Every structure is written in C-alpha cells, then in structure tokens.
Amino acid sequence: MTTTPRAVRRASPRARRRPANPADPARPLLPDAEPVSLLDPTGTPLPARTDYPEPDVDLLRELYRRMVVGRRFDTQATALTKQGRLAVYPSSRGQEACQVGAMLAVRDTDWVFPTYRESMALVSRGLDPIEVLTLLRGDWHCGYDPAARRTAPQCTPLATQCVHAAGLAYGEAHQGRDTVALAFIGDGATSEGDFHEGINFAAVFKAPVVYFVQNNRYAISVPLSRQTAAPSLAYKGVGYGVPSEQVDGNDPVAVLAVLTRAVEHARAGNGPFLVEAHTYRMEPHTNADDATRYRDGAEVDAWRDRDPIVRLEKYLRDRGELDDVAVAAVAAEAEAYAADVRERMNAQPTVDPLSLFDHVYAQPTPQLIEQREQIRAELAAAEQEGDA
Ligand SMILES: Cc1ncc(C[n+]2csc(CCOP(=O)(O)OP(=O)(O)O)c2C)c(N)n1
Ligand SMILES: [Mg+2]
C-alpha cells in the first residue's frame, strides 16, 4: 500500500502540536503570525500598535512624494528599453512601499546593498538616475561611486550581497561606528547559499545588518510555492538566532514602521534582523520576460487593488494632510523628473574602451597590459582607416 505524505504526517508524533512554552528561547525570534499592517487595503487605518508606532506625518508625506516620483522613474526606464536606450530593466512597479520605505528607514551614513531590482530605491536615496541606469545601458561599471554614496553596486549574482553586507557591517562595528547595512534580497534568492552564509555570519558575530526580503511571489517564473515549504520566509531567521518580522509590503506606513524598528535593533548592537515584506511584482521579471506564460491575469488584478500609492494617498487625504494641490504638485515634479531622465539618457555617452582595463587590479598583470595595448592598436588602426 502506498502511504500519502498526509498520512505520514498524521502518524508522526513530531508533527503533533505541543502547547506553546513561554520560556522557549525561539519565541522572541519568531515573526507575528500575520504580516504587520497599519492601513487596510483601502487606506483606512487599522488599530494602532505600540510595538510599531506610526511614523511622523511629515515622513509619510515624503514617502508619498518619493513613491510617486519613483513610479514615474520606473515607467520611464521601461520605456527606455523600448527605445533601445537600455539593454534591460527589472521594474519594481507595485513595490514602491518597499523600495522607498527602506530608504527612509536608513541614514545617509548607513550602507545599502541592492540587487538589480532596486533602481527605484537608489533614485529615492538621491543617486543620480543616469548613474543608476548606467549598468543597464550596457556599460561595464555600476555608474555611481559606491564608497561616496555608501551604496554597493547592484548585485546580479543572487544573494552575494548578503555576504558583502555582513562583512561590511562587521567591519564598521569593529571600528566602533554605528553604521547599519541594509541588504535587499528577493524571495527566490533566499534559497541561495550566500543568503544563509551571510545571515549566519551576521548572527554569530552580531553584525548590524537588516536583511530585507521583498517577497514578490515569483523568481522569474518560479512561484513561491516551489521555492520554500516554510510558513513564510521570515521564519528562516529563527534557525540562525535572528529575530524577524513579516509585514504587508503594500502598506507603506507599516513597511516604514517595521524597517525603522529593525534598523534601530541593528544599530543598538543587537545583531541582524530579518524582515519579509509580502508584495507583488506587477510587471514581468524584466522587459525580456513574458509573465503571461506563467501567471494569471486575475492574480495581477487582485494585487492592483492593493496599490501602495493609492493606499497612502487615501490615508493622507482622509487625515487632511494631502489635497488636490499637493497631489498635482507631486505629479508635476514626477513628470519633470522623467523628462530629465529621458533627455539625458537620449544623449549618446562618450565611452573610452580602454577604460575597461582601469580598475581590474591595482597593479595590472602583464596579460592585461598586453591586451590593452592590442586594443589600443586596433582602435588606432580603425581610426586611420576611417580617416583614409
Ligand atoms: C546565482 C544566480 N543564479 C541564477 C541567476 C538568474 N536569475 C536572475 S534573477 C532570478 C530570479 C530571482 O528572483 P527573486 O530572488 O525572487 O528576485 P526578484 O527578481 O523577484 O526581485 C534568477 C534565477 C542569477 N542572477 N544568479
Ligand atoms: Mg521574487
């Protein structure tokens, strides 16, 4: 007789629920059973929580402004792929509460470790949008100065930034500075070894890192159900001794409140914190992907009703903190921002091919010197031919 997994589970004494033990050391590490939410999907406030006080209203207005500008930037970047100005663009439309909320939770002196998904977060941090898009237009470098902006290059190899963040944070703490490192990571990338190695190192050595998982439910075409059997990704913290929380990632107020507390936790010397935001990728993985092949339009529509910008706008309007004039001003600012991005991205960049060799090693190897010379000679010959 074949035994179904269900039958096995029922027969196993291990699977039987034991009464909760208040002295269990794992309990304080566990996330709330439900994602933290401070606004309902219509923007109506939910009962206030003492553990997650609502951020100041000026900050919420700023959150709204940056989300609107961020979304307009995102739409513009997608349009630039169609005009051949960008090779590829991974949109974060729908994830504005996470992208912007995270940037408002950290200081300029903190370090941010983004993935390819975080262009909106970086422009929200105040980085020049053209510099942020440089890599995606096919240049060899990341466009901005990571040390000057305390922002690591956007990581394409999944989860590698988790290890970088742990090392940086450990080093900063070791030197007596109160810097926090915020590492973004996707739901799919939590299956990568680097995520586990990074969080384990940070936990053992109390490195001040906030690991911020944006669970947008897909890793390209792989749905969350094929990624993990955990009740939620936030539960991955407990195995490493890391406290964690889950939050409604389309509730901007809750995202900011939860991340603010997570950053405070890390800054106070308590080691890392893991936050999982439940959100949704409204667009395909990138402009090179066709999401209709693996997900249902009804699912996308259901998430459209949880739009984070609409939600915060409704809340602020109801409180009398936002009116038509202010909304129009923010929309005009977003248009001007996009026009500037468009104009500057349409200018052909001047790129010196030989600069490719500049930052490979402090002391270039003989092979690199030889290759550089070979290309220099080829370029010079091509130029002479063109002149002839
Ligand atoms: C180590 C590694 N393996 C595979 C890939 C290919 N890859 C790029 S993005 C991606 C999906 C990642 O999904 P997730 O972590 O959920 O982030 P999201 O794109 O949804 O924001 C994969 C498999 C990669 N970039 N790096
Ligand atoms: Mg994902």
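Bear in mind these aren't lab numbers, they're just calculated from the coordinates by the rules spelled out. Predicted, not measured: the structure shown is a model, and the values here were computed from it. Using ideal geometry, Cβ is built from the backbone for each residue, glycine included, and neighbour counts are taken over all protein chains shown.
Applying a DSSP loop filter and a limit of 15 other Cβ atoms within 10 Å to the chymotrypsin sites (Phe, Trp or Tyr not before Pro) in the stretch 310-388 leaves Tyr361.
Taking each DSSP H run with n ≥ 4 as -39500 (n - 2.57) and averaging over every residue of the chain yields -13000 deg cm²/dmol at 222 nm. Summing charges over neighbours of Asp51, with a neighbour being any other residue whose Cβ is under 11 Å away from its Cβ, gives 0 when K and R count +1 and D and E count -1. Here the chain is treated with +1 on each Lys and Arg Cβ and -1 on each Asp and Glu Cβ, and its dipole about the Cα centre works out to around 1880 debye.
Using R0 = 35 Å, the C-beta based FRET efficiency linking Ala331 and Ala148 works out to 0.65. For the stretch 52-138, the alpha carbon positions stretch 45, 24, 18 Å along the principal axes, listed from largest to smallest.
Fully extending the segment from Ala33 to Glu343 would add 106.8 nm, taking 0.36 nm per residue of separation and subtracting the current Cα-Cα distance.
Only Lys, Arg, Asp and Glu carry charge here, each on its Cβ (+1 for the first two, -1 for the last two); on that basis the stretch 250-388 has a dipole of about 700 debye about its Cα centre. When the Cα positions of Thr279, Val255, His265 are compared along the charge dipole of the stretch 254-307, His265 comes out farthest toward the positive end, with charges on each C-beta of Lys, Arg, Asp and Glu. Here's the picture: charge each Lys and Arg Cβ at +1 and each Asp and Glu Cβ at -1 in the chain, and of Asn21, Ala159, Ala381 the one pushed furthest to the positive end of that dipole is Asn21. Compute the longest continuous run of the chain that contains no exposed trypsin sites (Lys or Arg not before Pro); treat a site as exposed when its DSSP state is not H, G, I, E or B and it has at most 12 other Cβ atoms within 10 Å. Counting only loop sites that pass the neighbour cut-off, the longest clear stretch is 178-318. How about the stretch 134-206: which chymotrypsin sites (Phe, Trp or Tyr not before Pro) there are in a DSSP loop, with at most 16 other Cβ atoms within 10 Å of their Cβ? Taking the stretch 134-206 and a limit of 16 other Cβ atoms within 10 Å, the loop chymotrypsin sites (Phe, Trp or Tyr not before Pro) found are Trp140, Phe205. Taking a ≥ b ≥ c as the square roots of the Cα gyration tensor eigenvalues, the stretch 273-348 comes out oblate, since a/c reaches at least 1.5 and a/b does not exceed b/c. Magnitude of the charge dipole for the stretch 5-153, about its Cα centre and with charges confined to Cβ atoms of Lys, Arg (+1) and Asp, Glu (-1), is about 1020 debye. Just tell me, in residue order, which DSSP H segments of the chain are both 18 angstrom or longer along the helix axis (alpha-carbon based) and at least 0.0 in mean Kyte-Doolittle hydropathy. Helices meeting the criterion: 160-174, 252-265, 324-345.
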